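Asker: Mind looking over this structure? Questions follow.
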Amino acid sequence: MNKIYLLSFIVVLSSCNKTGTTRTSSEASIIDFSFFDKSKITIDSVSIINTKNEHLIEFYRKHQFETVWDSKSDRDSLLYEISNSENEGLEPEDYNYKELHSLEENRENLPDSSLTKYDILLTRSAQRLINHLSKGKLNPKLLYANWDLEEKKVPINAILEDALDNDNLKTAIENCKPKHWMYQRLKASLRILKQFPKDNLTELVDLKERIVPNKKNKYLPLIKRRLIYWGDMTEKDTLLTTLYNKKTQEAVKTFQTRHGLKPDAVIGRSTIDALNFSRNQRIEQVIANLERWRWFANDFGEHYLLINIPDYSIVAVKNKDTLQSQRVVVGRDTRKTPVLDSKLSNINLNPNWTVPPTILKEDIYPDAIKNPGVFKKKGLVILDQKNEEINPWTWKMEDAGKYKYVQKPSRNNSLGSMKINFPNHYSVYLHDTNHRNFFAFSFRSLSSGCVRLEKPLEMAAYILNDTVKWSLQRIKDTTNIAYYWKLQRKKQQEIYLKNAKLIAKNPALIIENKPLPKPELKTIVIKVNENIRLHQLYWTAWETKGVLNFREDIYCLDADLYNKLR
């Protein structure tokens, strides 16, 4: 087509010269050169409207239903980004890579009808790529009942328009990708895994008993081969003996550390499960995690708490600096900790615990039907609608829904000494616990959905950030019943001394000895004044300085998500 227009241009010039016609500069300035801008082709609007693709219709309507991908530079950039999408855990064929590549190679020979179809295919592929990179290929709210993340709004056409107008498609697409350092570490993990040779470790280690150091076991050669493959054993054990020797013990510790396991060199079920993963399974796991990170918020805020549920960890980050780090206990598989974003609202010191309906139904009522004494055993008080206490021995299952069941403040109630509240749809919060021994376990998926903190009072002091009113020591005293007993003894001593002085002056004086009330912990609610976000998220893979790290997929989400992606 361009050749035809060029030929016409030459003919027009030639005609002007033959007639000897001349033009003044003012006449020349008003010549309409738009005649020669014929690179665009009109597209049948009905064919686009029939797609019922709102983004596509809106895009081409703005361009008067004409082709837009006239720049080879833009087309090449898009093809490159589609090809590169596999490094983001996506599939180039989702964006028609082979067809687009073939059309581009033959573009000069395509008729107008094929050029318009090619143009539409480029637009649809670009829109889909921008959408997937910005917010993920799948919608988590359609997959999970316990994920509450704000849905991202992606101005797909605005991004694409700006990219084409300014010839910066590569930069525009790069800006769609998550910027968080963990996403970058996941991409690094994918690169590292793809560089591993194909493994031939098809045989699984079917271990029934634990292997302890310096003992022999028939599975040791197979275990050693796996440790060598993953690089945890740096020197090959050419003999691959059945003895669990020192070198293998050190390799197992390294492997266990990378997988969030206790590095004790004891080869048990958790270590075997991790060893039995193949390279391809790890690649699939990373791809699933990349998709999740596209669901998460682009901006976590300047000050936030970040919980990684499968890693059983929480960090407090302010201005990109990690200021707190603790172990946590999360929900077990039947009562999963929800994935959510929220904002801290207040802290309760010495909280009451009102038993949630699910725990009542599944844990309390079945035992109470057999023996109402379970209420007292668990430290529960039954309150009616007037907040009057009900005798547990008069409790009947048919009236159970009329009451609320409360544990009074105590270091040994289910919430311990402190809880942190934030708005959410699942009635969960961060809190202390009366099962403080759980933090010594490697597997800590043990709660009823809430997140339990290893050092709750330290976290409270950090969040309140008020060394005058709420220093760590003040918080510890406020939540310690022994502190109040100490204050009472001091006050009682002061009363004795005062009375002794009065009697010394007047021996006939009779002073009634009134015992002081028994000390008890009272709930104190403190507002969180700083803008601190909370992100409870789920990821099971990353790399640190070239070292691959994996965590047990405690809620069995990775393989299922990968299958849905593919």
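Asker: Within the stretch 538-566, how many residues turn out to be without any contact (Cβ under 8 Å) to a residue 12 or more places away in the chain and more than 25 Å from GLY449 (Cα to Cα)? Talk me through it step by step, then tell me what you get.
Answerer: Start the filter on the stretch 538-566 by keeping residues that are without any contact (Cβ under 8 Å) to a residue 12 or more places away in the chain, which leaves 545, 560, 563.
Okay, now just the ones that are also more than 25 Å from GLY449 (Cα to Cα), so 545, 563.
Residues that pass the stated criteria total 2.
Asker: Here is a list: GLU520, GLU494, GLU454. Which entry is among the acidic types (Asp, Glu) and surrounded by 12 or more Cβ atoms within 10 Å (Cβ to Cβ)?
Answerer: Only one candidate qualifies: GLU454.
Asker: Before we move on, is THR67 surrounded by 14 or more Cβ atoms within 10 Å (Cβ to Cβ), of a type in the set (Ser, Thr, Tyr) and over 30 Å from LEU186 (Cβ atoms)? Show your work before the answer.
Answerer: On the way: surrounded by 14 or more Cβ atoms within 10 Å (Cβ to Cβ): yes; of a type in the set (Ser, Thr, Tyr): yes; over 30 Å from LEU186 (Cβ atoms): yes.
For THR67, the condition - surrounded by 14 or more Cβ atoms within 10 Å (Cβ to Cβ), of a type in the set (Ser, Thr, Tyr) and over 30 Å from LEU186 (Cβ atoms) - is met.
Asker: State which residue is least open to solvent (accessible area, probe 1.4 Å) when the search covers only the stretch 131-182 and only residues that are assigned to a helix (DSSP H, G or I) and hydroxyl-bearing (Ser, Thr, Tyr).
Answerer: Within the stretch 131-182, the match that is least open to solvent (accessible area, probe 1.4 Å) is SER134.
Asker: Considering only the stretch 527-548, state which residues are surrounded by fewer than 20 Cβ atoms within 10 Å (Cβ to Cβ) and part of a loop (DSSP other than H, G, I, E, B).
Answerer: VAL528, ASN529, GLU530, ASN531, LYS545, GLY546
So that you can scan it fast, the table gives a plain yes or no per residue for (1) within 30 Å of ALA460 (Cβ to Cβ); (2) out of contact with any helix residue (DSSP H, G or I) (no Cβ under 7 Å at 6 or more places or on another chain):
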{"position": "LYS370", "(1), (2)": "no, yes"}
{"position": "LYS396", "(1), (2)": "no, yes"}
{"position": "LYS408", "(1), (2)": "yes, yes"}
{"position": "SER414", "(1), (2)": "yes, yes"}
{"position": "SER417", "(1), (2)": "yes, no"}
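Asker: Sticking with this one: Which of the residues spanning the stretch 70-105 are modelled with pLDDT of 95 or more and not in a helix (DSSP H, G or I)?
Answerer: GLY89, LEU90, GLU91, ASN96
Asker: While we're looking at this one, here's another question. Please work out which residue is least open to solvent (accessible area, probe 1.4 Å), limiting yourself to the stretch 351-383 and to residues that are outside any loop (DSSP other than H, G, I, E, B) and among the basic types (Lys, Arg). Quick ask: steps written out before the conclusion?
Answerer: First, pick out the residues of the stretch 351-383 that are outside any loop (DSSP other than H, G, I, E, B): 353-354, 357-370, 374-377, 380-383.
Of the ones still in play, those that are also among the basic types (Lys, Arg) are 361, 370, 376-377.
On the way: LYS361: 151, LYS370: 171, LYS376: 170, LYS377: 179 Å².
Selected residue: LYS361.
Asker: To continue, here is another question. Out of the strands (runs of 3 or more DSSP E) lying entirely within the stretch 236-350, which hold 3 or more residues that are surrounded by fewer than 20 Cβ atoms within 10 Å (Cβ to Cβ) and touching a helix residue (DSSP H, G or I) at 6+ places or on another chain (Cβ under 9 Å)?
Answerer: Working: elements: 303-308, 313-318, 321-331, 339-343, 346-349.
In the stretch 236-350, 321-331 are the strands (runs of 3 or more DSSP E) which contain 3 or more residues that are surrounded by fewer than 20 Cβ atoms within 10 Å (Cβ to Cβ) and touching a helix residue (DSSP H, G or I) at 6+ places or on another chain (Cβ under 9 Å).
Asker: Continuing with the same structure: For the stretch 183-216, what are the residues that are surrounded by 13 or more Cβ atoms within 10 Å (Cβ to Cβ) and either on the phi > 0 side of the Ramachandran plot or touching a Ser or Thr at 6+ places or on another chain (Cβ under 8 Å) (or both)?
Answerer: Hits for the stretch 183-216 are ARG185, ASP199, LEU201.
Asker: Turning to a different aspect of this structure: Return the total of residues in the stretch 70-110 being over 23 Å from ASN157 (Cβ atoms) and either touching a residue at least 60 places away in the same chain (Cβ under 8 Å) or open to solvent by less than 20 Å² (accessible area, probe 1.4 Å) (or both).
Answerer: Count: 3.
Asker: A further question on this structure: Looking for something polar (S, T, N, Q) and over 23 Å from PHE65 (Cβ atoms) - is there at least one such residue anywhere in the stretch 152-174?
Answerer: yes
Asker: Looking at the stretch 401-420 only, could you name the residues that are open to solvent by 10 Å² or more (accessible area, probe 1.4 Å), more than 15 Å from ASN391 (Cα to Cα) and part of a loop (DSSP other than H, G, I, E, B)?
Answerer: LYS408, PRO409, SER410, ARG411, ASN412, SER414
The values are calculated or read from the model by the stated rules, or taken from the named source; none is laboratory data. Nothing here was measured: the structure is a model prediction, and the numbers come from that model. With ideal geometry, Cβ positions are generated from the backbone for all residues, glycine too; neighbour counts draw on all protein chains shown. Heavy atoms of the whole protein, side chains included, go into the accessibility calculation; ligands, DNA and RNA do not. Shrake-Rupley method; radii C 1.70, N 1.55, O 1.52, S 1.80 Å.
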